[in-house]
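The block underneath contains the structure these notes are about, expressed in structure tokens.
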């Protein structure tokens, strides 16, 4: 298999993504999500401070110590 690397301007890439079908957008999202997760793992291995901050955020999430977007918006509207 031959791999060809292209340089595509970001704006062109965004336009292309905008024109994708919903199914293809979901496929792209899954690929990007997987690559971001791999990148996060690399960061975790390299920086103890980042590792601690991410772990703290994950623990807070598991405890339910977070606001949903709807809750956040509701609080902003009340203020």
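All of the numbers you see were taken from the coordinates with simple rules; none came from a lab. Everything quoted here is computed from the prediction, not taken from an experiment. Because the Cβ atoms are built from the backbone with ideal geometry, glycine has one as well, and the counts that use them run over all protein chains shown.
Relative to the longest principal axis of the chain, what angle (0 to 90°, nearest 10) does the C-alpha long axis of helix 22-46 take? Helix 22-46 sits at roughly 70 degrees to that axis.
For the chain, take the longest principal axis of its alpha carbons; what is the angle in degrees between that and the long axis of helix 69-78, to the nearest 10 within 0 to 90? Here the helix axis deviates by roughly 50 degrees. Computed from Cα positions, the angle between helix 48-63 and the longest principal axis of the chain comes to roughly 70 degrees.
If R₀ is 30 angstrom, what is the calculated FRET efficiency for the pair residue 52 and residue 8, using the beta carbon separation as r and rounding to 0.05?
Details: r = 37 Å, r/R0 = 1.22.
Approximately 0.25, to the nearest 0.05.
The alpha carbon centroids of region 62-79 and region 3-26 are separated by 33 Å. In the chain, helical runs assigned H by DSSP with n ≥ 4 each contribute -39500 (n - 2.57); averaged across all residues and rounded to the nearest 500, the mean residue ellipticity at 222 nm is -25000 deg cm²/dmol.
This structure gives Rg/Rh (Cα atoms, Kirkwood Rh), computed directly, and of [x] 1.39; [y] 1.11; [z] 1.05 that value is listed as [y].
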